[in-house]
Amino acid sequence: MVSKEENILFAAEQLFAEKGFSGTSTREISKAANVNISMISYYFGSKEKLYEKLVEYRMKEGQFFSKDLLERTDINEWEKVERIVDQFAGRVRHHKMFFRIMQREQLYSDNPQIVEFLKETKLSFITMYSKILESGLEKGIFTKNPPIYLLHSTVSGTLFYASNAKQMYKDFLKNEEDEMVFEETYFNELTQHIKHILKDLLGYEENK
């Protein structure tokens with residue numbers, strides 16, 4: 001069940017992605033969420049605080065995943081890397097509106113709270129990669145030690161660019177499949193492509 005607070009957040013997310021923070025009014029958010037405008041003040045206090053709460057809400061989803069993954073002992077380090085790629089790709093695919101907002105924020109944000117959220121999230125992912133890489137090297141699962149910040153950039157940069165360019169590639173391929181059918185194939189191929197790159201960067205060999 002979606003709570004009233006989440007309902008407002010998700011409605012705001014769609015509008016912020018389409019129109020930007022400045023171009024979205026609290027009246028538009030209340031109308032999209034089908035709530036009285038006073039509910040925004042009740043739950044969040046202001047549009048700025050609503051925006052910050054949205055970023056915090058989505059960022060924490062990824063952080064919970066990171067903590068759980070690092071603590072798992074039933075899968076090896078390469079399998080953890082695969083889980084990261086699958087989960088990250090799934091979030092980019094299914095939360096397009098939020099990642100559109102975040103890409104804009106990385107370029108133009110003047111909100112120190114948002115900047116800090118972004119920094120904390122990136123650092124948590126880099127820390128996760130670092131711990132997995134260190135453990136994998138110690139066990140001989142990985143044979144290469146690439147710069148950790150470039151490893152993160154390879155995954156996130158490829159995902160964001162490919163996601164933004166999906167329609168262009170569909171047109172280029174003259175693909176006439178239903179949008180959802182094409183998207184399923186597209187993201188499956190995208191995640192496999194990233195995994196192939198990471199295998200080479202990490203020096204991982206299957207059936208070694």
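Over the Cα atoms of the range 1-99, compute the convex hull volume and normalise it per residue, giving Å³.
106
Can you tell me how much longer the chain between GLN103 and LEU137 gets when fully stretched, taken as 0.36 nm per residue apart minus their C-alpha distance, in nm with one decimal?
Contour length minus the Cα-Cα distance gives 9.0 nm.
In degrees between 0 and 90, to the nearest 10, how far off the longest principal axis of the chain does helix 112-139 point, with axes built from Cα atoms? Once rounded, the angle reads 20 degrees.
Phi-derived couplings, Karplus 6.51 cos²θ - 1.76 cosθ + 1.60 at θ = phi - 60°, listed residue by residue for the range 2-11: 8, 6, 4, 5, 5, 4, 5, 4, 5, 5 Hz, with x used for Gly and Pro. Taking 25 °C and 0.890 mPa s as conditions, the range 54-105 diffuses translationally at an estimated 204 µm²/s according to Stokes-Einstein applied to its Kirkwood radius (Cα pairs).
Listed by chain and number, the aspartates and glutamates whose alpha-carbon sits under 18 Å from that of LYS166, ignoring those within fewer than 8 places in the same chain, are GLU18, ASP86, GLU176, GLU177, ASP178, GLU179, GLU183, GLU184, GLU189. Where only DSSP H runs of four or more residues are counted, the chain gives -26000 deg cm²/dmol as its mean residue ellipticity at 222 nm, each run worth -39500 (n - 2.57). On C-alpha positions alone, give me the angle between the axis of helix 179-202 and the longest principal axis of the chain, in degrees, nearest 10. The angle comes out near 40 degrees.
Quick one: which of LYS96/LYS139; LYS4/LYS131; LYS19/LYS67; LYS80/LYS119; LYS60/LYS131 span more than 29 angstrom between C-alpha atoms?
In this structure, LYS96/LYS139; LYS4/LYS131; LYS19/LYS67 exceed 29 Å between Cα atoms.
For the chain, what log10 I(q)/I(0) values come out of the Debye formula at q = 0.16, 0.19 1/Å, with one point per alpha carbon and no solvent? Summing over Cα pairs of the chain leads to -1.12, -1.33.
Report relative contact order for the range 52-202 in percent, whole number only (criteria: Cα-Cα under 8 Å, sequence separation at least 6).
Once divided by the residue count of the range 52-202, the mean separation gives 31 percent.
Subtracting the Cα-Cα distance of GLU28 and ILE197 from their residue separation scaled by 0.36 nm leaves 56.5 nm.
With one equal scatterer per alpha carbon and no solvent term, the Debye-computed log10 I(q)/I(0) for the range 82-146 at 0.16 1/Å reads -0.70.
Which value, in debye to the nearest 20, gives the size of the charge dipole of the range 52-202 about its Cα centre, when Lys and Arg are +1 and Asp and Glu are -1 at the Cβ?
My answer is approximately 300 debye.
Read-outs throughout are calculated quantities, based only on the coordinates presented, and are distinct from any laboratory measurement. If you're wondering where the values come from, they're calculated on a predicted model, not measured in any experiment. Virtual Cβ from ideal backbone geometry, glycine too; neighbours counted across all protein chains shown.
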